[in-house]
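Read through the structure below, which is laid out as structure tokens, and then see the notes.
Throughout, read-outs are computed from the coordinates displayed, never taken from laboratory work. Quantities reported herein were computed from a predicted structural model and do not represent experimental measurements. Note that we place each Cβ from the backbone using ideal geometry, even for glycine, and neighbour counts take in every protein chain shown.
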Amino acid sequence: MAGVGILMLVHTALGRAEQVARHWHAAGCPVVIHIDRKVPEATCAQFRQALADLPNLRFCTRHRCEWGTWGIVAASQSAAEVMLAQFPQVRHVYLASGSCLPLRPVQELIDYLAQRPRTDFIESATTADVPWTVGGLDHERFTLHFPFSWKKHRTLFDLYVGLQRRLGLRRRIPKGLVPHMGSQWWCLTRQTLSAILQDPDRRQYDAYFRKVWIPDESYFQTLARIYSTHIESRSLTLSKFDFQGKPHIFYDDHLQLLRRSDCFVARKIWPHASRLYEAFLSDNTSAMKHTEPNPGKIDRIFAKAVERRTRGRAGLYMQSRLPNSGWENGVTSGRYSVFSGFTELFEDFEDWIAKATGARVHGHLFAPDRAEFAQAQTIAPGAMPHSAAIRDYNPRAFLTNLIWNARGDRQCFQFGPADTQDITWFISSDPNAQISVISGAWAVPLFHSNRNFQEIRKEAALLQRIESQFLDVLRAPHCKARIRIWKMAEFIEAPMEPLQTIVDEIGIATPRHLTEAPKLRELAGFGQFLQNLKNQGMHPYLMGDFPIEQGTAQPHIPPRKPYLVRS
Amino acid sequence: MGIWQSYRLRLQRKRWLIRAFRKRRELRAVADRSAQIRPGDILLFCTQRNEGVRLPYFLQYYRNLGVNHFLIVDNDSDDQSLAYLAGQSDVSLWHTTASYKRARFGVDWLNWLQRKYGHGHWTLVVDPDEFLIYPFCDTRPLRALTDWLDASSIKSFSAMLIDMYPKGPLNDAPYQPGQNPLDIAPWFDPGNYSIKKNARFGNLWIQGGPRMRVFFPDAPEKAPALNKIPLVKWDRRYCYVSSTHMLLPRGLNLVYDEWGGEKASGALLHTKFLDTFAAKAQEELQRKQHYAASVEYKAYAETLAQHPDLWCKWSEKYINWRQLEILGLMSKGNWA
């Protein structure tokens with residue numbers, strides 16, 4: 001008979017528990033089973049009957065085990081007492097549950113423990129040092145009273161905790177105890193375990209822990225610290241917890257992952273995961289490797305699952321993720337650039353910026369008649385139609401979808417006072433947005449247009465009012481976007497400098513120096529045009545000061561060669 | 001949400017339940033095998049009319065997922081479907097000739113059947129052209145999902161409708177009984193959905209996909225809702241309010257996370273757009289038994305006459321649930 005005894009706590013899926021018990025027993029390990037008191041007598045009798053043929057298997061006194069209560073500790077105690085009393089050759093006692101599954105041949109576990117005869121494997125940490133607890137009760141679980149069930153009477157539970165905090169009620173921790181906690185699945189040596197169970201003060205300790213919150217994670221973990229000569233603070237049972245503190249469950253598709261983990265025992269296994277039970281209970285001793293458990297990959301997968309559940313994917317809005325304002329962890333999924341006034345001022349700006357940055361450059365996405373996707377497409381990635389009605393039905397969804405659908409591909413678009421303005425608040429508060437505005441540039445197309453001056457005057461007044469509101473939004477304190485605003489007059493003084501800054505910030509894989517400037521539109525007479533507007537009583541101010549004669553004096557600007565040198 | 005509002009919703013819920021109770025008389029049992037239902041069985045509820053050609057694959061699909069019993073209301077079919085369903089050993093069948101519209105598009109009938117047979121069970125409410133996809137559905141049966149939902153104290157599971165369509169005209173490839181409709185219509189829109197929140201019931205209102213893109217480009221507000229909550233651990237106090245889009249009590253509609261995280265969710269692949277669709281749309285237009293004066297079917301009939309290709313260059317071909325999860329249409333949440 002082996003020197004490892006197994007305690008099994010079972011409450012459901014008794015068929016699976018029977019299989020596992022037989023597996024332990026077949027490898028020579030004595031087994032003591034605790035059946036939850038809640039299991040009906042008939043089912044229980046049937047289960048005992050099914051296992052009656054195993055000589056080294058015992059059943060212990062039954063307790064009612066409710067999550068987070070003393071019952072589970074009482075069950076472990078009873079089972080351990082039976083084990084120590086009836087199987088004197090047992091050196092290590094391993095606490096497992098009915099939904100635990102041995103992943104490696106049991107003989108490997110027996111050998112592993114035989115090589116470490118004095119080591120207690122029990123995860124045990126002081127409350128101050130670990131972030132494990134869910135729900136904010138860490139040290140308080142040792143100092144408050146918990147007469148109400150957390151599962152059944154949550155409100156009462158919370159109210160009573162609150163009341164005790166308010167009144168400053170405290171329980172006294174018995175002398176000599178330093179509260180520790182950790183995984184409830186341990187493996188203790190006979191020496192340590194018997195010392196705990198035969199402690200002269202056990203009555204006092206039991207009375208104390210009986211009213212501690214989740215004692216199964218602290219009773220043995222605390223007391224082992226008193227008696228053990230050598231604690232390895234880790235559990236030999238692979239058991240991962242999610243963000244609510246309930247164990248992750250293993251299914252058939254985890255087979256390879258579990259195999260490669262090299263852990264001795266895993267929990268919790270879905271009772272219908274037949275492939276797992278078949279694979280691991282067939283005990284093919286082929287893989288005799290004396291490696292340490294290595295659950296790294298499983299850890300990562302479950303850590304990612306928790307991350308997905310608590311943080312989610314930035315910039316994604318979908319049926320099961322609709323963050324409240326401020327909780328998005330990134331309102332859009334990637335960086336993008338908004339240009340206002342650039343296509344008005346330069347003839348070939350879209351092509352130019354596309355070439356300089358490699359980004360996808362759209363026209364006026366929020367134009368009143370349709371969304372002007374890049375290359376005059378009528379449909380964009382994600383099957384987004386260019387319909388203005390659909391876009392304006394939910395502009396925010398339109399933009400976040402566009403960015404999400406193009407993940408990894410930088411998006412740029414043009415924006416101006418003639419566009420639908422609903423999106424301005426959103427983009428200005430998005431840290432992913434880079435917004436560059438040449439204010440007043442909307443006047444250039446008007447200047448070139450062949451329309452009646454009265455119409456132009458009206459249009460100019462409207463556009464100026466809208467752009468001024470846009471600028472107010474961009475200057476509001478909530479703004480988180482990278483915002484740059486130039487007056488048009490100031491911009492055309494030295495256009496290359498701001499352009500270089502913008503391109504650098506977009507940041508492409510292979511940074512290039514700008515060797516070619518976009519072509520500035522003809523501005524001869526623009527100053528006079530503005531003066532004419534003024535003469536009509538409409539004062540354009542957003543573009544800055546243009547001297548009347550600047551138009552005639554400025555032809556030196558377009559042919560200006562870039563001053564940046566190719567490296 | 002004040003007490004007054006809660007109270008009004010409570011009254012509304014009671015009213016729907018009473019209505020369902022009254023509508024029970026419209027149902028006549030054709031094959032009542034509900035005695036076969038065991039505790040813990042997963043039940044599927046469905047209304048159907050003249051879907052004979054779809055039923056073989058539909059039943060097969062959900063049997064494979066692990067549905068234990070089907071409870072189906074037949075609304076006055078005149079094809080073979082009634083006889084076919086009556087002959088299935090795991091189907092309980094009711095028949096009615098009453099108005100689909102006045103039973104609130106079948107909701108009253110199913111609310112009644114769910115109240116009577118669904119209490120304490122996981123219940124799935126889908127149409128014969130809807131196929132449930134959930135995380136790990138290729139390796140884990142539906143029971144694995146419901147067990148996990150139970151363990152996580154989650155009572156309702158969201159699965160958004162994703163409209164599937166073929167490439168080319170709808171009538172190019174005739175659908176045969178028993179055939180996987182996804183063989184004909186494997187395409188879908190990957191990223192053009194718009195979400196709004198319904199403040200009163202707390203559910204989301206999702207619109208988009210090919211139906212909005214092709215049929216409602218100028219009136220997007222009329223496009224059909226795509227949010228669905230088809231899988232619920234039923235209690236006799238629950239009721240669906242409008243199709244499976246929303247439920248009462250309101251808490252069941254909170255299938256989305258509001259603090260940045262993602263809850264687990266699935267998808268209903270909606271294979272409405274097969275060669276059978278044109279005839280169906282015509283028939284429904286005449287019966288006028290659908291939502292909002294069949295505005296949807298009017299739009300279909302008009303558009304179908306012009307250019308019946310729903311496919312576009314950014315359409316995505318369905319591969320598996322992982323693809324939908326990567327696209328952000330559904331999520332594993334913290335199920336791993």
Stokes-Einstein, Kirkwood over Cα pairs, chain B, 20 °C, 1.002 mPa s; D in µm²/s equals 105
Shape of region A:338-441, Cα gyration tensor, a/c cut at 1.5:
rounded
Using Cα pairs closer than 8 Å and at least 6 residues apart in sequence, work out the relative contact order for chain B, in percent.
22
Over chain B, the sum of -39500 (n - 2.57) across DSSP H runs of at least four, divided by residue number and rounded to 500 deg cm²/dmol, gives at 222 nm -8500 deg cm²/dmol
Sequence of A:483, A:72 once ranked by neighbouring C-beta atoms within 10 Å, starting from the fewest
A:483, A:72
Let me know the mean shielding of A:300-308 by other chains, meaning the per-residue number of their Cβ atoms within 10 Å of its Cβ.
3
Region A:289-322 versus region A:371-439: alpha-carbon centroid distance in Å
31
Extent of the protein assembly as shown along each principal axis, from alpha carbon coordinates, in Å, largest to smallest?
108, 72, 60
Label region A:33-92 by shape, choosing from rounded, prolate and oblate, from the square roots a ≥ b ≥ c of the eigenvalues of the Cα gyration tensor; if a/c is under 1.5 it is rounded, and otherwise prolate applies when a/b is larger than b/c, oblate when it is not.
oblate
Per DSSP helix of 4 or more residues, -39500 (n - 2.57); summed, then divided by the residues of chain A. What does that give at 222 nm, rounded to the nearest 500?
-11000 deg cm²/dmol
Connecting every pair of Cα atoms under 10 Å apart in chain B and solving the GNM, the largest mean-square fluctuation among B:211, B:236, B:200 falls on B:200
Report, for chain A, the % of DSSP beta bridges that are antiparallel, rounded to 5.
25
Roughly how big is chain B's charge dipole about its Cα centre, with Cβ charges of +1 (Lys, Arg) and -1 (Asp, Glu), in debye to the nearest 20?
1800
Just want the ordering: A:307, A:344, from fewest to most Cβ atoms lying within 10 Å of their own Cβ.
A:307, A:344
Say each of residue B:320 and residue A:42 gets a label point 7 Å from the Cα, pointing the same way as Cα to Cβ; how far apart are those two points in nm?
4.3
note: region B:1-117, Cα-Cα separations exceeding 18 Å make up a percent value of 54
Would you work out which of B:70, B:16, B:88 lies farthest towards the positive end of the dipole of region B:15-134, given +1 charges on the beta-carbon of Lys and Arg and -1 on that of Asp and Glu, about the Cα centre?
B:16
Other chains near B:201-207: what is the mean number of their Cβ atoms within 10 Å of each residue's Cβ?
2
Sorted largest first, the Cα spans of region A:74-124 on the principal axes come out in Å as 28, 26, 25
Taking square-rooted eigenvalues a ≥ b ≥ c of the alpha carbon gyration tensor, is region B:94-171 rounded, prolate or oblate, where a/c under 1.5 means rounded and, failing that, a/b exceeding b/c means prolate?
oblate
Pairs of alpha-carbon atoms within less than 8 angstrom and 6+ residues apart define the contacts here; what relative contact order does chain A have, in percent?
11
Region A:12-132 - percent relative contact order, Cα under 8 Å, separation 6 or more:
27
In region A:336-553, what percentage of the DSSP-assigned beta bridges are antiparallel, given to the nearest 5?
20
Per-residue mean of C-beta atoms belonging to partner chains within 10 Å, peptide A:241-253
4
Per 10 Å bin, what percent of the C-alpha pairs of region A:1-134 does each bin hold, from zero upward?
12, 41, 33, 13, 1
Got a sec? Charge dipole of region A:349-472, +1 on Cβ for Lys and Arg, -1 for Asp and Glu; which of A:441, A:400, A:361 is way out at the positive end?
A:361
Only Lys, Arg (+1) and Asp, Glu (-1) charged, at Cβ; region A:336-553 dipole about Cα centre in debye:
440
Which is farthest toward the positive dipole end of the protein assembly as shown among B:56, A:324, B:319, measuring Cα position about the Cα centre, with Cβ charges +1 (Lys, Arg) and -1 (Asp, Glu)?
A:324
Under Stokes-Einstein, with the Kirkwood radius over Cα pairs standing in for Rh, what whole-number D in µm²/s applies to region A:336-553 at 37 °C and 0.692 mPa s?
182
With +1 assigned to the C-beta of every Lys and Arg and -1 to the C-beta of every Asp and Glu, and no other charges, what is the dipole magnitude of chain A about the Cα centre in debye, to the nearest 20?
2100
